[in-house]
Every structure is written in C-alpha cells, then in structure tokens.
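Enquirer: Below are the structure tokens for one structure; questions will follow.
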Amino acid sequence: MTRPSLLDRITPVLLTYDEEPNIARTLSRLRWARSIVVVDSGSADRTLAILRADARVRVFSRPFDTHASQWRFAVTETGVATEWILRLDADYRLGDALIEELRALRPGPDVAAYEIGFDYEIFGRPLSGSLYPPKAVLLRQGRFSVHDRGHAEGWRVDGPVETLAGKITHDDRKSTARFVASQIRYMSREVERLDADEPPSLIRRLRSLPPLAPIVVFLYAYFAKGLFLDGRAGLYYALQRLVAESILALMALEKRLTSTTKIAPTPQKAEREEVR
C-alpha cells in the first residue's frame, strides 16, 4: 500500500488583513492543499472575496490584538485536523522545488519541525539577497508553542528541527504607505525590547546607540548583500530597512528624552518697585 504524501497531512494556516495585493498569488501555490485555514482581522478590501472564491479555504474572523494571540487562535481554535501545519504570511509563495520536496518528504517520528529559507522579491523583481532569516514554518502538531516577541511572535519548538533545501519567495506588494504604517505599529512594540533582559546581540547593541542601526543596516543590505546590483528593487529594499530602523531609533530617542527631561518651573517675574 502506497504511503500518503506528506502534502496530504499538511494544513496551510495564514493570517490576513487587507492582503488583496498578495493573497491570490499565495493561494496559487497551495493547489495541493485539501484545506486552508485563514484568520482575518477585519479586511476592508477584496481579501475576503478572494478567499471565499476558493472552496478549500475556511475563513475565521478575529479582531487583532497581538501576533502571538492571533496565531494561537489560528492553530488551536480552528479545527485543524492534520498532523502538520504550514504557517504562512499572506505574501509568501512556495517554490516548485519546495513543493516537490514536501511531496517526497518522510519525516521521522522525532522530527518536530522543518526550517525553510527565503528568496526575496520586490514587486516581482528578484533580489540577490535580503536580511530575512530562515524560519521553522512546517510544524508538527503538539510540538510547538507561540509567545509574544517584540512586534511579532516567537515559536518554541519541542524537538529536532531539520532544514529543507527548497525556498519560499517573500514578495509583499502592498504600498509604501502601508509599509510605513506597519513599521510604526511594529516598532512601538519593538522599542520595549531594547530594555528587556534578553541575551545581547549585535543588532540590539546597534539599536541601543542611535543612529548606528539605520546606517549600518542600510550599508550592509545594499553593499554586503549585493543589492546595489539589483537596480531600483535593491535600493527600494535597502531603503525599507533604513526607514524601519530609523523609526525604531526615533522611538528609542523619544523614550529617553521624555523619561529624562524635567520641565523647569517658570520663574516668577520679580515685581519692580517704582522709585519716585
């Protein structure tokens, strides 16, 4: 008897909010999935119409509070019945090589998750590199937990994590205005992490010394990652990272200024006595 493909034991799970520019492309690479779970936090564009046009998609509505709470609901309260979940952002696109790799995969019983790397595109234009790290996105049920971590969420995996060769393409085609608005929301949470009791890292040290992080991140992305070879798309990405780090630097400076500045009382004017 032929063993079922791993693809039959995976449920893709996504979060959405006004993802009309992205969601159709993401769904187009999930044709293998029997069921797809989406938790939407109040989309006002055509996101819901696109989702409901696909009979495999089960849409749940939940007001957004934090990424961790939203993801916990998505993976525990939506009736996911498969052994594995594939957690995806609405701007992710699975590559052909990754899909075939998943189809042939035979996980051992001890494997808790698989980490997958990313290719990056800007409005459909491939980049030579990015600062986007690999992530454990294919997770075995009962072997992970989700917690709040800065502006996003953290995933704790209980057991071995293996790495797949195939890639996911990240290509967010929402507007620059949406990007800036999102970064303001994200960095308002991230600024609190600068004073948190966490293991030190290079980026945390840079962020604690404005304006080092914006400058270093831009130069590293644009030159060390080879984005200067990618024309306008490479410059766009490097500037996005500059803007994001600049917003965080401004918020960090604002926090320090407002917590240390004492407003001196206004001196009372001495009454002058007229000499007659």
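Enquirer: Under 26 Å from Tyr17 (Cβ atoms) and at pLDDT below 95: does that describe Ser175?
Expert: For Ser175, the condition - under 26 Å from Tyr17 (Cβ atoms) and at pLDDT below 95 - is not met.
Enquirer: Scanning segment 76-98 for residues that are surrounded by fewer than 16 Cβ atoms within 10 Å (Cβ to Cβ) and aliphatic (A, V, I, L, M), which turns out nearest to Thr47 (Cα to Cα)?
Expert: It comes out as Ala81.
Enquirer: For segment 20-33, state whether one or more residues are assigned to a strand (DSSP E or B), modelled with pLDDT of 95 or more and surrounded by 14 or more Cβ atoms within 10 Å (Cβ to Cβ).
Expert: no
Enquirer: Still on this model: Is there any pair with a first residue in segment 242-259 that is touching a residue at least 60 places away in the same chain (Cβ under 8 Å) and a second that is surrounded by 12 or more Cβ atoms within 10 Å (Cβ to Cβ) and of a type in the set (Asp, Glu) whose Cβ atoms are under 7 Å apart and which are 6 or more apart or on different chains, and what are they?
Expert: As it stands, the answer is Leu248/Glu190, since those pairs meet every condition given.
Enquirer: Still on this structure: Those residues that are under 16 Å from Ile36 (Cα atoms), in contact with a Lys or Arg (Cβ under 7 Å, 6 or more places away or on another chain) and outside any loop (DSSP other than H, G, I, E, B), I need them from segment 80-136; list them, please.
Expert: Trp84, Arg93, Leu94
Enquirer: Might you check whether a residue that is crowded, with 16+ Cβ neighbours inside 10 Å, over 27 Å from Pro21 (Cβ atoms), of a type in the set (Ser, Thr, Tyr) and outside the structural domain of Phe218 (by TED's automatic domain parsing) occurs anywhere in segment 110-117?
Expert: Yes: one or more hits.
Enquirer: Among the candidates Ile168, Ile215, single out the residue that is surrounded by 13 or more Cβ atoms within 10 Å (Cβ to Cβ), at pLDDT 95 or above, hydrophobic (A, V, I, L, M, F, W, C) and not in a helix (DSSP H, G or I).
Expert: Details: Ile215 fails: not in a helix (DSSP H, G or I).
Just one listed residue meets the conditions, Ile168.
The values are calculated or read from the model by the stated rules, or taken from the named source; none is laboratory data. Predicted model, so just to flag it, every value in this text is computed and none were measured. Glycine also receives a Cβ, built like all others from the backbone with ideal geometry; neighbour counts cover every protein chain displayed.
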